[in-house]
Amino acid sequence: MGIIVADQIIMGLILNAGDAKQHIYQALEYAKKGEFTQSEEEIELADEALLEAHNLQTQFLAQEAGGTKTEITALFVHSQDHLMTTITEINLIKEIIDLRKELRAKKDK
């Protein structure tokens, strides 16, 4: 596979981070309803999208390490911000879902 244009990588980062965020919030909605199987499915989709975003970021960094310098644009900064906030939100929402599971288990006893 050849070098992908930086703008394509940046847009891929934004799109995949957005997909991950959409799936993790859907997982939370399912968890609120006690639909934990569906919630877990959405978490898996969020993790897959996040992994794809991370892979694109790694590819971008590898290209730069290999000598292909890229101008730092507002779009690049936005992609990094979007990715990092998505990672944070996913981590926090997973904890919230775990707490909901614990509460449901205690309630069902």
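The values are calculated or read from the model by the stated rules, or taken from the named source; none is laboratory data. Owing to the predicted nature of the structure, the values given are computational and were not obtained by experimental measurement. Note that each Cβ is placed from the backbone with ideal geometry, even for glycine, and that neighbours are counted across all protein chains shown. Protein only, heavy atoms only, side chains kept; ligands, DNA and RNA dropped before computing areas. Shrake-Rupley method; radii C 1.70, N 1.55, O 1.52, S 1.80 Å.
Does MET11 satisfy the criteria of being open to solvent by 90 Å² or more (accessible area, probe 1.4 Å) and of a type outside the set (D, E, K, R)?
Here the answer is no, as MET11 does not meet what is asked.
For region 66-84, name all the residues that are buried (at least 19 other Cβ atoms within 10 Å of the Cβ) and among the hydrophobic types (A, V, I, L, M, F, W, C).
LEU83
Sort through THR68, THR86 and tell me the only one that's under 18 Å from LYS21 (Cα atoms), β-branched (Val, Ile, Thr) and touching a residue at least 12 places away in the same chain (Cβ under 8 Å).
Exactly one residue qualifies, and that residue is THR86.
Just a yes or no: is a residue in region 44-65 open to solvent by less than 30 Å² (accessible area, probe 1.4 Å), out of contact with any strand residue (DSSP E or B) (no Cβ under 6 Å at 6 or more places or on another chain) and among the β-branched types (Val, Ile, Thr)?
Checked against the condition, which is being open to solvent by less than 30 Å² (accessible area, probe 1.4 Å), out of contact with any strand residue (DSSP E or B) (no Cβ under 6 Å at 6 or more places or on another chain) and among the β-branched types (Val, Ile, Thr), region 44-65 yields no hits at all.
Do you know which residues across region 85-106 are surrounded by fewer than 12 Cβ atoms within 10 Å (Cβ to Cβ) and either at pLDDT below 90 or closer than 25 Å to ALA6 by Cβ (or both)? Show your work before the answer.
If we filter region 85-106 for residues that are surrounded by fewer than 12 Cβ atoms within 10 Å (Cβ to Cβ), which is where we start, we get 88, 91, 95, 98-99, 102-103, 105-106.
Correct list: THR88 only.
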